[in-house]
1. Which residues, counting only those in segment 1-59, are within 26 Å of E99 (Cβ to Cβ) and over 20 Å from the mean Cα position of the chain (by Cα)?
2. Quick one: in segment 76-94, of everything that is among the hydrophobic types (A, V, I, L, M, F, W, C) and over 15 Å from the mean Cα position of the chain (by Cα), which residue is surrounded by the most Cβ atoms within 10 Å (Cβ to Cβ)?
3. Identify the residue in segment 95-140 that is of a type in the set (S, T, Y) and in contact (Cβ under 8 Å) with a residue 60 or more places away in the chain and, among all such residues, is surrounded by the fewest Cβ atoms within 10 Å (Cβ to Cβ).
4. Restricting to segment 111-157, what's the tally of residues that are of a type in the set (D, E, K, R) and under 15 Å from the mean Cα position of the chain (by Cα)?
5. Identify all residues within segment 56-105 that are touching a Ser or Thr at 6+ places or on another chain (Cβ under 9 Å) and at positive phi; write none if there are none.
6. Go through (1) assigned to a helix (DSSP H, G or I); (2) over 21 Å from A82 (Cα atoms); (3) of a type in the set (S, T, Y) and name the single condition S126 misses.
7. I'd like to check something: does segment 156-163 contain any residue that is among the aliphatic types (A, V, I, L, M), over 30 Å from Q23 (Cβ atoms) and out of contact with any Gly (no Cβ under 6 Å at 6 or more places or on another chain)?
Amino acid sequence: MAGEVHHFVVREGLSPSQAEIVQHAAILFGTFGYTKTNIGEIAERVGMSPGNLYRHYRNKQGIGEEVVRCYLAHAEQVQAAAIAAATGPEARLRAMFAEGIGDLLAALRENPRMVELADMICASDSGILHNHITWKVGTFARLLREGVDAGVWRIDDPDTMAETLLDASRAFWMPMALAQLDPARVQGRVTSVLDALIAGWRI
């Protein structure tokens, strides 16, 4: 396949044809943008008729949603691996932010047009963004509980604090907002947010 898709992993459960469609679609979306890519172009790149492509996905939005799921699957894998490689709740939380946001910054550098996909998914009722946010807040809550159980943090309600942590850092996780920030300053700003919050949790 000509071209490559980075920061992307084909989700489990896709058929070989579906996997091929989303990989080629991701390349086209990255090259021409989501809005300027049509079903015919995707079908031509995959080597099937538009009618056959519709057997796998109902429309371009369905393909775009699957591409987003694949980007988010990669993001969750990157963050989970960073957490697993770090030792201690604070290091694990900081690693999740550093690697997760660093990976998103790299994805935006390589493919600025992914913002169009982010806009599309925010406007859809697919539940994809909700599921990802639920995963992220759940991961935050688990790490916060680890800190409480280890006796290093005093947090009365880790679930509520996990939501607060997301609220405080939301601009760094959203491609549309992150694209407006100076990339050279992002990690320093993220560290400052975490420093302020963690200082308030320490026993």
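Please treat every number below as a calculation from the coordinates, not as lab data. Quantities reported herein were computed from a predicted structural model and do not represent experimental measurements. A quick note on method: Cβ atoms are made from the backbone with ideal geometry, for glycine too, and the neighbour counts reach across all protein chains shown.
1. Result: G3, single match.
2. L93
3. So the residue we want is S124.
4. 4
5. none
6. (1)
7. yes
Table: residues versus (1) in a loop (DSSP other than H, G, I, E, B); (2) over 19 Å from A106 (Cα atoms); (3) free of Cβ contacts under 8 Å to residues at least 12 places away in the same chain.
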position: V9; (1), (2), (3): yes, no, no
position: L14; (1), (2), (3): yes, yes, no
position: A19; (1), (2), (3): no, yes, yes
position: H24; (1), (2), (3): no, yes, no
position: I27; (1), (2), (3): no, no, no
position: T35; (1), (2), (3): yes, yes, no
position: E41; (1), (2), (3): no, yes, no
